[in-house]
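Every read-out reported here was derived from the displayed coordinates using simple, explicitly stated rules and does not represent laboratory data. Here the structure is a predicted model, which is why all the values come from computation and not from measurement. All Cβ positions, glycine included, derive from the backbone under ideal geometry; neighbour counts span all protein chains shown.
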Amino acid sequence: MIAVSSPWASERIAEPLGDMAKRLGAEVLVVHVSRPSGGQMREQEQADGESAISLLRQKLEEKGVNVQTLLMFSDDIARAILNTAVERQVTLIVLGLTGKNVFARLLAGNVPVELIKNTKVPVLLFPPDHKGGI
């Protein structure tokens, strides 16, 4: 499972993850979780999520990787990812960090920490400035 937060994050991790998934013969579930909001904000959140998922799906499929996608809304992003991982019996959770500043992360909650603390599934984190392969 690859959980992406933005089109920027999708762009950053597409190449190394595509190569890794191809080498492993892995099937990939690309997930985006947004916090529920109303009106125009929800429309923008949904559009950003769809864009992030679509971009990563296209890049992975170009490498011959089998991809499924899922767009969700939840107040608890980490819990939504964890529940999906259990339901889908995933073997690895991958996150591409967005590079948000510390204050923004405090407001949004620290999804990577919550995932690591609450799962038995390995979690692979890509730092925002990652430029190499895997």
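Computed values, structure above
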| read-out | value |
| --- | --- |
| Set of aspartates and glutamates near residue 117 by C-alpha distance (under 16 Å), chain-local residues within fewer than 8 positions excluded | 76 |
| Cα pair distances of the stretch 2-126 binned at 5 Å [whole percent] | 2, 11, 22, 25, 22, 12, 5, 1, 0 |
| Length-normalised contact order for the stretch 2-126 - Cα pairs under 8 Å, 6+ apart - percent | 32 percent |
| 20 Å Cα-Cα reach of residue 59 towards aspartates and glutamates, excluding residues that sit fewer than 8 places from it in its own chain | 11, 15, 19, 27, 48, 50, 129 |
| Simple label model, 7 Å out from Cα along Cβ direction - residue 74 to residue 61, nm | 2.5 nm |
